[in-house]
Amino acid sequence: MSVKKLFTDGVIRQNPVLVQLLGMCSCMAITTSLFNGVGMGLSVMIILTCCNIVISILRKVIPPNIRIAVFVVVIAAFVTIVDLLLQAYIPALSKSLGVFIPLIVVNCIIIGRAESFASKNGVGASALDGIFQGLGYTLVLIVMCVIREFIGKGTFGGGLIDVGEAGVRFVTDGSGSGIRIFPAQYGALLMVLPFGGFLTLGTLIAIVQGITNRKHNKEIRAGKLSVIAALDAAHGEEGGSDE
Amino acid sequence: MSNGLGFTSILSIALGAILIENFILVKFLGICPFMGVSKKMDTALGMGFAVIFVMGLASAICWVVNRYLLVALHLEYMQTLAYILVIAALVQLVEMFLRKSVPSLYTALGIYLPLITTNCAVLGVALLNTQNGYGFIQSVVYGITGGVGFLMAIVLFASVRERNQYADYPKAFEGFPIALISAGLIALAFMGFSGLKVF
């Protein structure tokens, strides 16, 4: 399996959130400022990569009957490590994400990749898969943060980018004011409330589905894809999204 | 805070978990099963009752484990690991127990029970109990009423989704996106409860 294929799968074609529809809880809950989004994305990416590596190494030893339990223990161990590291070195992030850091244990992306990829592939491929799937997740979080923060508060990069006397700089203690794009009183506060999370994610998934549908139609018109195959594919997708 | 056993304290925890800080619509915990099994009313009901049961039980057991095992042995950092193991074992035990002794309930809840292990609402309630420093009774009340809030949200949502099937929306919104947006509108309605206070 080539690196390029793993990359496009993780980031675009099999994007964990927008296409596989996994890990949506954290995706909607914490995307209120770029600081949270980047922090959460990177934490998940690190945990996902480490878990993929360990599970891939152990894949021949784990008895198939209790594999889910083993996965959960491995994941919980790495989540605890990251949780403690964040508490020690980036306490602001740990406070702002709160209960969602320990809840990475039940994030479906990680257990899903362990089950469908790491337990079937070699260590190198599993590590790359972890990095790229994590990257896909992080990118979605960043896009959602940027949209929600912009419409909701009128800023960009809240918490992460600080604009002060020292100019524009990155901070890691969550105190950054963000780059103000329009005055705060015009912000639609609704977008940083739960409703905004549902709306933004729903719209993003709809855009992805719209593009996929259009591509299918084009391929049918160009005669590349027979109508029956397209219907089958559409059916398969419907079945997949039921889970 | 174990002295907060008064009726008002319990009532405010219950009201908070059901309406003001609803697990799904405000806290975003348990979205996966919420989206996954809300297509039909009866499956939504089944899932809701299974979640109430497991959340109540998990709150009780995790409180005991935390108090008498983790805190006593200074192993607080093992919390996440301990809780997820307790929940996984609990779900497995409940499943076995129901299959043997109450087969009718087992067939009703059966397929939803394994799904609950990965429900973030269950782990979430255990972690929040510890974070908020709730006592035993408060924890159990918070767990059960959190489950009731889940049941209410999923039943409301299932009825909206049943009607959505006949609605005319852009094709790109088919399936998940329209469901998410409907859920968002329910969340918007629930914001009306945010001013509610017992005292």
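The values are calculated or read from the model by the stated rules, or taken from the named source; none is laboratory data. What you see is a predicted model; the values in this text were computed from it and never measured. FYI the Cβ positions are ideal-geometry reconstructions off the backbone, even for glycines, and counts take in every protein chain you see. The accessibility values were calculated without ligands, DNA or RNA, using every heavy atom of the protein model including side chains. Shrake-Rupley method; radii C 1.70, N 1.55, O 1.52, S 1.80 Å.
Total buried accessible area between A and B, probe 1.4 Å, nearest 100: 3200 Å². Loop-only check: which trypsin sites (Lys or Arg not before Pro) in segment A:26-122 are DSSP coil with at most 16 other Cβ within 10 angstrom? For trypsin sites (Lys or Arg not before Pro) across segment A:26-122 that sit outside H, G, I, E and B with at most 16 neighbouring Cβ atoms in 10 Å, the list reads A:LYS60, A:LYS120.
If you run the Gaussian network model on chain A, springs between alpha carbon atoms under 10 Å, then out of A:ILE47, A:ILE151, A:ILE110 the most flexible one is A:ILE151.
Which residues, if any, in segment A:75-119 lose at least 50 square angstrom of accessible heavy-atom surface (probe 1.4 Å) when the other protein chains sit next to their chain rather than the chain being alone? Going by heavy-atom accessible area, the residues of segment A:75-119 that drop by at least 50 Å² are A:THR80, A:VAL99, A:LEU103, A:VAL106.
Cβ-Cβ distance of A:LYS215 and B:TYR166, R₀ of 30 Å, FRET efficiency by 1/(1 + (r/R0)^6): the value works out to about 0.60.
About its Cα centre, segment A:3-212 has a charge dipole of approximately 500 debye under the convention of +1 per Lys or Arg Cβ and -1 per Asp or Glu Cβ, with nothing else charged.
Given 37 °C and 0.692 mPa s, how large is the Stokes-Einstein diffusion coefficient of segment B:100-199 in µm²/s, with Rh as the Kirkwood radius over Cα pairs? Display every interim value, and only then the final one.
Values: Rh = 16.6 Å.
In µm²/s, the coefficient is 197.
In summary, the convex hull built on the alpha carbon positions of segment A:3-212 has an orientation-averaged projected area of 12.7 nm².
Please go through segment B:106-199 and write out the trypsin sites (Lys or Arg not before Pro) that DSSP classes as loop and that have at most 10 other C-beta atoms within 10 Å. Taking segment B:106-199 and a limit of 10 other Cβ atoms within 10 Å, the loop trypsin sites (Lys or Arg not before Pro) found are B:LYS197.
When peptides A:215-222, B:52-59 are ranked by their average number of other Cβ atoms within 10 Å per residue, the highest-first order is B:52-59, A:215-222. Cross-link partners for A:LYS218 among the lysines, with Cα-Cα distance under 18 Å and sequence neighbours closer than 8 places in the same chain left out: B:LYS171.
Near A:VAL17, the amide H atoms lying under 5 Å from its own belong to A:LEU22; only residues 5 or more places off or on other chains count, and H is placed 1.01 Å from N. Counting Cβ atoms of other protein chains within 10 Å of each residue's Cβ and taking the mean over peptide A:17-25 gives 3.
Give me the inter-chain shielding for B:141-153: mean count of other chain Cβ atoms within 10 Å, whole number please.
On the way: counts 0, 0, 0, 0, 0, 0, 0, 0, 0, 0, 0, 0, 0.
Mean partner shielding for this stretch: 0.
If you wrap the tightest convex hull around every Cα atom of segment B:54-137 and split its volume per residue, you get 92 Å³. What the Cα convex hull of the protein assembly as shown gives, in volume per residue, is 186 Å³. Converting phi to 3J(HN,Hα) with the Karplus coefficients 6.51, -1.76 and 1.60 and the offset θ = phi - 60°, segment A:137-144 yields 5, 4, 4, 4, 4, 5, 4, 5 Hz in sequence order, with x at every glycine or proline. Peptides A:25-34, B:116-125, A:181-190, B:78-87 ranked from most to least packed give B:116-125, A:25-34, B:78-87, A:181-190, packing being the mean of other C-beta atoms within 10 angstrom over each peptide's residues.
Multiply the residue gap between A:ILE207 and A:LYS4 by 0.36 nm, knock off their C-alpha separation, and tell me the result in nm, one decimal place.
Answer, rounded to one decimal: 70.7 nm.
Within straight-line reach of A:LYS5, meaning a Cα separation under 18 Å, sit the following lysines at least 8 residues removed in sequence or on another chain: A:LYS120.
Calculated mean residue ellipticity, 222 nm, the protein assembly as shown: -21000 deg cm²/dmol, from DSSP H runs (n ≥ 4) at -39500 (n - 2.57) each, averaged per residue and rounded to 500. Scalar couplings 3J(HN,Hα) for segment A:57-74, obtained by applying the Karplus form with A = 6.51, B = -1.76, C = 1.60 to θ = phi - 60°, are 5, 8, 4, 8, 9, 6, x, x, 5, 10, 5, 5, 4, 5, 4, 4, 5, 4 Hz; x denotes Gly and Pro.
For the peptides A:196-203, B:41-48, residues were scored by their other Cβ atoms within 10 Å and the scores averaged per peptide; the highest-first order is A:196-203, B:41-48. If R0 is 56 Å, the Cβ-Cβ spacing of A:ILE57 and B:ARG67 corresponds to a FRET efficiency of close to 0.95. Taking every full run of DSSP H in chain B, the ones that stretch at least 24 Å from end to end by Cα along their long axis and average -0.5 or higher on the Kyte-Doolittle scale are B:41-65, B:79-101, B:136-164.
Across peptide B:168-178, the mean count of Cβ atoms from other chains lying within 10 Å of each residue's own Cβ comes to 6.
For segment A:3-212, the solvent-accessible area with a 1.4 angstrom probe is 41 square angstrom per residue. When you filter the chymotrypsin sites (Phe, Trp or Tyr not before Pro) in segment B:140-198 for DSSP loop state and at most 16 other Cβ atoms inside 10 Å of their Cβ, you are left with B:TYR166.
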